[in-house]
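The structure under discussion appears below in the form of structure tokens.
Derivation of every value follows stated rules applied to the coordinates shown; laboratory data play no part. All values reported here derive from a predicted model rather than from experimental measurement. Cβ placement follows ideal geometry from the backbone for every residue including glycine, while neighbour counts extend to all protein chains displayed.
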């Protein structure tokens, strides 16, 4: 039976994503009604700048008082696309206090305060959905939280930031330097005027925390995620990667320890073989590679940002939450029963690519090899060549290791820097996906 009284929705924020949400709710109103089993009505839109013209939105719906909108007594669902920590956190809490389920795209808030928000939603018997917080339009959170709920996920590795992937793809395909590729990304609208959140890995780290919590059924806070940015990646790094049959991506890597007693979560640039599925992800696309015990290897791919793609994920959550409202039920909440500790980066075991500037004289390679051996890091390959600038007294030494703990590699690098024959450590890059 079709319910005739509409479910009323408060839209908090009306920027790039919010305006697309409003547009789709209007243009697809009949389809949404049929899919949900009741009409869905946009009951109010909270914004900071009410004077701005918003095409397709009734000006009578616009308000600057988001709190009053939530407290008016007839709102069923709130869609939060404001971003940031405040006032989003307070508004979501207010929604729960007034019997309103929430759909959010706020990765930063969920990575920082997800546990508290889940607790508030659970106490109120309401839904908190956030598919749009990670990887834009790509269905990822729901498959991890529902489709794979009966499986054991051991590893999640992916490209979860379109801006950084665009920059690195341009550096790889055109030979451009970092700044040149960033300038192109900015001109095309892929990078913000201040790209720090993207290029320093903060955006990806927030998404990594959310994914790790869901995948491993444990609480992972943003501060638990090891993070390195990609601003130091150079054309020389790409040249070395190509010699190894690799490319470079900024990856979020989440792993369950072999003994199952802990997890790790990290974001950093890494070399991956061209044969790996993630190596072929181009432009501003996202892709996430999931390894599960029973399902095996799965890859989720698609546009990871943008108004319409992100709005698609928001609307998917809206349909689910509205269906739950009609059924007087709630969907899955937080699952953190494992309570696994998050191990430090020093415990991570992987391979490394280290580029050194060294004195071009006999005995240097032996000194370097001894330094690696003393710290328990086994060398796989070594390549030595003269400096490309023609400096006759110095050479470039590239060492690729076997798998070793990150702490051992850090100790090795610290010792290398103290050698008189090592002029500098030009680059350290992890090698993944093998």
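In this simple spin-label approximation, residue 5 and residue 338 carry label points 7 Å from Cα along the Cα→Cβ vector, and these lie 4.3 nm apart. Springs between Cα atoms under 10 Å define the GNM used for the chain, and in it the highest mean-square fluctuation of 353, 217, 276 occurs at 276. Rounded to the nearest 10 degrees, the angle from helix 107-124 to the longest Cα principal axis of the chain is 40 degrees. Of interest is the spacing of the C-alpha centroids, which for region 81-150 and region 252-268 amounts to 23 Å.
Of all DSSP-defined beta bridges confined to the chain, some 70% are antiparallel rather than parallel.
Counting neighbouring beta carbons within 10 Å and listing from fewest to most, the residues 430, 155, 297 come out as 297, 155, 430.
Rank by packing, highest mean first: peptides 39-45, 374-380, with packing defined as the count of other Cβ atoms within 10 Å averaged across residues.
Working: 39-45: 20.6, 374-380: 14.7.
Listed from highest to lowest mean packing, they are 39-45, 374-380.
Relative to the longest principal axis of the Cα atoms of the chain, the long axis of helix 178-187 lies at roughly 20 degrees. Taking a virtual spin label 7 Å from the Cα of residue 27 along the C-beta vector, which residues in region 277-313 bring their backbone nitrogen under 14 Å of it? Backbone N within reach: 307-312.
Between residue 193 and residue 97, what's the calculated FRET efficiency when r is the beta-carbon distance and R0 is 56 Å? Round to 0.05.
On the way: r = 36 Å, r/R0 = 0.65.
Plugging the Cβ-Cβ distance into 1/(1 + (r/R0)^6) gives 0.95.
Kirkwood's formula applied to the C-alpha pairs of region 260-389 gives a hydrodynamic radius of 20.7 angstrom.
One-quarter of the Cα convex hull surface for the chain, in nm²? Can you show the working numbers first?
Details: hull surface 90.1 nm².
If you wrap the Cα atoms of the chain in a convex hull and average its projections, you get 22.5 nm².
Taking max minus min of the alpha-carbon positions on each principal axis, region 143-303 gives extents of 45, 32, 25 Å, largest first. The GNM of the chain, with springs linking C-alpha atoms under 10 angstrom apart, assigns the highest mean-square fluctuation among 225, 281, 364 to 364.
Computed extension gain for residue 223 through residue 147, at 0.36 nm per residue and net of the alpha carbon distance, reaches 24.6 nm.
What shape does region 228-323 take by its C-alpha gyration tensor, where a ≥ b ≥ c are the square roots of the eigenvalues and a/c under 1.5 counts as rounded, a/b above b/c as prolate, and the rest as oblate? It comes out oblate by the Cα gyration axes.
Taken as Cα centroids, region 353-382 and region 306-338 sit 53 Å apart, rounded to the nearest whole angstrom. Against the chain, whose longest principal axis is taken from its Cα atoms, helix 202-216 shows a tilt of about 80°.
Pulled fully out, how much extra length does the chain show between residue 361 and residue 323, if you take 0.36 nm times their separation in residues and subtract their Cα-Cα distance? Display every interim value, and only then the final one.
Numbers: separation 38, 0.36 × 38 = 13.68 nm, distance 7.26 nm.
Working it through step by step, the gained length comes to 6.4 nm.
Roughly how far apart, in whole Å, are the Cα centres of region 161-178 and region 15-43? One Cα centre to the other: 36 Å.
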